[in-house]
């Protein structure tokens, strides 16, 4: 055992040697023409068509590089996983939909591609963006052309991704529209729908709920369970997805006292360096965990009371800290004291958006301006009556925007607020419309700007190594589930059961980075324990406890669910025998210790009985009763019922079914957007085997 432990500790070197040897072996085969290379690595299939590793990784890498280079974002493992999932979904849709699109004859020409970007039929994603609108609130072709040209020149990778998405989504939209247009409803369907919505029933009933008696009163024998299983194992609702079941022990790695001392010593040195620094931006960016320098306004009360006082009263160049805030240790340097102009105004907005006439709104603005200049006391009244700014048009706010600086508003509104004197009332035209602006006040606010070095208190490599040894020892000494659980309890180690991990899942409850664990679980054999797997600032030792195959469930997979169903059958059988032949609902209710209930003017499409019983099949059988008739006991999903029909009223003859036809067509069309792709995907069949690689 000790030897195996040492091998694991030196696993990095061994893995490196193994990988080099394996690479040379594969490369030798490839050079000799005996290997087919990475193309043999298949992540999944769609209708028998393979999704290869090379194409998939190329698209993932393009997206990751675009985030880094085109948008300046840091990409961590979690974000990379999100990109992988997004790319996978896109490729699935490509494989499922594009063949259908091409078979239908749909294409997109260069002229149409330009038209939906900056022509007469601009896509909503761009049409509704304020950045791409002109002063009239309408999309600006010039701004959109400049944007797409800029993307093509400055972000070529994103340009390629964007073009593919715009093109494919346009083709999908055409195909979806074709399917929607093909939806048809005939008169017989419309009449049937009309009748089911308009026929009504008033009836009394007695209900005996399954949960009114304990399940333990009914014995389920193995033969009963096997019989139910054989009858229902192929039911669609019990069809299962492939999944794995496991438990894991968590070994968190926390900073040791030595780590804490080392971090504080490091911060003390950084403090001296920050005090002496003449280039704060470079010093902060190179020493902060964020690797960024930001000169940010300090808000009083952000730090604890003592350090807050030191920052608020510190001169430029003062360094405060280190102090702890949440999970971070901070060093704060006061780098600037700035006077920030602020204004307080009230305004009335007359919007020019939503197709409103610019000329009409301008005339109204001029008229209101004249009124408030003559009598300022009417301003609040006119705000409530005319202003279309939801952020200030209430009687309580009176159109007022309290103190704000020059960075918070659009330029034209800012000019009217700061360039005019206090008391001035002017009109400002912005992309939102016309504003009648009165300047209520102006002032300078002193703003204390700081630069911050942030450091997390992290465990050192030595601390990680110590916890690895503990987790490794746990893994080696406990070779089955019983000893795994017993040792965890004795050592105070947290054990978390995971009842279901499907092959398409990448998240495990309680873990920061589940990728190594998910990868191991999807390859493991039942009963096997893992070596320590790193998950963020913790090690995990997992044991696989079960494998569930796709399709028809095994009896053990549905044992508990089917046992409950068999108990329901036994209850229903016993109660229906007791209810059979009863003609007096009140007497039956007394015998069953329940109260009779009444439904008044219930429609056929209302599948819930009074009392919260969701019973679509039972409702259908109730509406088959004649007036004055008593039903036989009716077995439902929630309980057993006996019903007495008081008054069944058929739907009146329809006068015009066109409205019903339109409604049915719209309902059917509304299901196309999501339902079409899912139906096609189910029809062709998707096999996801990413778990073999990630």
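Here, each number is a calculation from the coordinates, and none is a lab measurement. Only a predicted model underlies this, so the values are computations on that prediction, with no experimental measurement involved. Note that each Cβ is placed from the backbone with ideal geometry, even for glycine, and that neighbours are counted across all protein chains shown.
Observations, loosely collected:
- Equivalent ellipsoid, the range 74-195 (semi-axes from 5 times Cα gyration tensor eigenvalues, Å): 33, 23, 16
- Quarter of the Cα convex hull surface for the range 205-267, i.e. its orientation-mean projected area (nm²): 12.6 nm²
- The chain - percent relative contact order, Cα under 8 Å, separation 6 or more: 23 percent
- With the gyration tensor restricted to C-alpha atoms of the range 145-286, the semi-axes of the equivalent ellipsoid amount to 62, 42, 20 Å, longest first.
- The range 308-420: Cα Rg divided by the 2.2 N^0.38 Å rule of thumb: 1.61
- Inter-centroid distance (Cα atoms) of the range 583-644 relative to the range 72-138, Å: 52 Å
- Principal semi-axes of the equivalent ellipsoid, √(5λ) from the alpha carbon gyration tensor of the range 255-458, are 49, 17, 15 Å from largest down.
- Segment residue 394-residue 238, length gained on full extension (0.36 nm per residue, minus Cα span): 50.7 nm
- Rule-of-thumb Rg ratio for the range 438-506 [Cα; 2.2 N^0.38 Å; N residues]: 2.37
- Pairs of Cα atoms in the range 530-598 fall into 5 Å distance bins, from 0 up to the last occupied one, in shares of 3, 12, 11, 11, 9, 9, 9, 7, 7, 6, 4, 6, 4, 2 percent.
- Under the Debye formula (equal points on every Cα, no solvent term), log10 I(q)/I(0) of the range 474-530 at q = 0.24 Å⁻¹: -1.14
- With neighbour counts taken as other beta-carbon atoms within 10 Å, the residues 555, 350, 92 rank, fewest first, as 555, 92, 350.
- In summary, the convex hull built on the alpha carbon positions of the range 378-458 has an orientation-averaged projected area of 8.6 nm².
- Normalised by 2.2 N^0.38 Å, where N counts its residues, the alpha-carbon radius of gyration of the chain equals 1.34.
- Euclidean distance of C-alpha centroids, the range 168-246 and the range 396-423, integer Å: 58 Å
- Expressed as a whole percent, the proportion of Cα-Cα pairs in the range 171-214 lying more than 11 Å apart is 78%.
- For the range 354-404, average projected area of the Cα convex hull in nm²: 4.4 nm²
- Binned Cα-Cα distances of the range 464-601, short to long, each 10 Å bin given as a whole percent: 9, 27, 21, 11, 11, 13, 6, 1
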